[in-house]
Amino acid sequence: MNILIATGRLAENTVRKAVGEKADVLVADIDIAAFITPRKLFKAYEEAGLSKKYDLILIPGLVAGDFSKVSDELDCKIRLGPKHAYDLGFVLRFAEDVEFSEKIPACELLADVRKEEALELIRKAEEEAISPLTLREVKLGGSSRMKVMGEIVGAAEMNPADLEIKIEAFIARGADIIDLGASLNTLPGQIRSAVSLAKSLTCVPVSIDTLDPELIKEGIEAGADLVLSLNSTNMDTAGPAVAKSGVATVIIPDEGNSLESLLRNIEAARRLGIKKIIADPVLDPVGHNITESIVRYHEFHRMHPEVPLFFGAGNVTELMDVDTIGVNATLCGIGAEIGASILFTPEYSDKAQGSIGELKKASEMMQLCRIRESSPKDLGIDLLCIKEKRRRPDSPLPEKVITARASKNWRTDPAGPISIRIVPDRIGGNGGLIVAEHEKAAVAGESAREVMDTLLELNLVSRLDHAAYLGRELEKAELALRFNRSYAQDDIF
């Protein structure tokens, strides 16, 4: 298949390096490749005097315009290539098998293909995985994917309506296990009600998070699938009930978190007849011996590779004023290397919101790493939410520019003021609605563009400066929803 890649002067070297011998390169008389027009492409083709008959011409993915006439004149398909020249090498591998699009950049077209292939590989691997422990069809340990446990802090004392919303939200974000947290003030009846409600809402395993023997017994009787936690302080009082019920339990070390006490407590649990054991060597926060705790995990897994491991990622993310995305991904990578089976997070503080979804995606990435024996890159799925994998070519500054400055004059729009706010999605947490309120109407939409277009259509904006202001604020509101942030009109984002 003969392929020609059209580009501009600035990207020529990058394109030639990415393409190699897989295709020919045509450089149009323009600096920025994304500004190639049908006329410029045709002119460049004619001036190049190309004698080879091409089956396909790929133009940059960011190019806009109708190239159908040029395609007819050259008797050759013209399709959108990738947005970034660096991705040409990858895209060209599919040229024989994929029909590229006139509207969708090739990188986006293939991103969907790669993602579907990656997710199918994860699904198949999980289906075939052999694990030492299964809770309600959720596999733990062995060759199965690390599972994400989301703790609902204070769940036992929440009113049923709020607890139901929280459970549904955690499931929507990707939680594999729901953990119901209890406090020192929780009553036995409250834990029973919370477990019963959770079991009625979801098919995923439900755990109870308490050291109180009475609450553990109530949770077990209500149908909890997992108990957090047993150590020497409650082994004698709660252990027999756990053993009799056959539910799984997380065993933790005694105060001081020594590996020796964890091993003693596991042995004590086995003597009581507890068979479904998950070990928690306890992940300590940064600044509090995190390295030592990771070594503890590594040592335990080396000694007992058959025992599933509980990995408290939330112990770290909740105690760092750092965006959680990269931290969770790194912790997940460490967890994969030390044999973690459960990734625990409470999403308790505002800064840790989204951790369930981040850990779920990271766990899938680590599963793909294991399958492909590779680093967590170029997998088809990723956690790049803000930074770019590929930068677009930088544009040069024009020779003559006018220095921009804000206007000091502000006049009220005769059509009236408009207030903007957002209503986040309480379930998924990854979207919601932008609301623009005018005295004549309230407009709600998912994107800044559709809200702005509707405001203009309703003639609720009459001044250009007001329209420009609203566009800025609506875009900030959309970004707030996308990144799960709060929004207040006129605040710095």
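Residues that are charged (D, E, K, R), part of a loop (DSSP other than H, G, I, E, B) and touching a residue at least 24 places away in the same chain (Cβ under 8 Å) do occur in segment 283-299, at least one of them.
Taking helices (runs of 4 or more DSSP H) as the structural unit, those lying wholly within segment 187-245 and holding at least 2 residues that are within 24 Å of residue 162 (Cα to Cα) and in the same structural domain as residue 165 (by TED's automatic domain parsing) correspond to 188-201, 213-221.
Evaluate segment 157-171: report whether one residue or more is free of Cβ contacts under 8 Å to residues at least 60 places away in the same chain and touching a Gly at 6+ places or on another chain (Cβ under 8 Å). No: segment 157-171 contains no residue that is free of Cβ contacts under 8 Å to residues at least 60 places away in the same chain and touching a Gly at 6+ places or on another chain (Cβ under 8 Å). For residue 260, are the conditions met, namely being assigned to a helix (DSSP H, G or I), in contact with a helix residue (DSSP H, G or I) (Cβ under 8 Å, 6 or more places away or on another chain), at pLDDT 95 or above and of a type in the set (D, E, K, R)? No: the conditions fail for residue 260.
The strands (runs of 3 or more DSSP E) falling completely within segment 48-151 that include 2 or more residues that are among the basic types (Lys, Arg) map to 77-80.
Starting from residues that are within 14 Å of residue 92 (Cβ to Cβ) and among the hydrophobic types (A, V, I, L, M, F, W, C), keep the ones in segment 46-58 and report whichever is nearest to the chain's Cα centre (by Cα).
Among them, the one singled out is 58.
When we screen 87, 66, 24 for residues that are touching a residue at least 24 places away in the same chain (Cβ under 8 Å), surrounded by fewer than 12 Cβ atoms within 10 Å (Cβ to Cβ) and closer than 21 Å to residue 107 by Cα, the only hit is 66. For the condition among the small types (Gly, Ala, Ser) and over 30 Å from residue 180 (Cα atoms), residue 85 qualifies.
In the set (1) hydrophobic (A, V, I, L, M, F, W, C); (2) over 14 Å from residue 360 (Cβ atoms); (3) more than 16 Å from the chain's Cα centre (by Cα); (4) not in a strand (DSSP E or B), the condition left unmet by residue 310 is number (4). Note on segment 233-275: residues that are closer than 25 Å to residue 338 by Cα, surrounded by fewer than 21 Cβ atoms within 10 Å (Cβ to Cβ) and touching a Pro at 6+ places or on another chain (Cβ under 9 Å) total 6.
The values are calculated or read from the model by the stated rules, or taken from the named source; none is laboratory data. Owing to the predicted nature of the structure, the values given are computational and were not obtained by experimental measurement. Cβ coordinates were reconstructed from backbone atoms using ideal geometry, including for glycine residues, and neighbour counts include every protein chain displayed.
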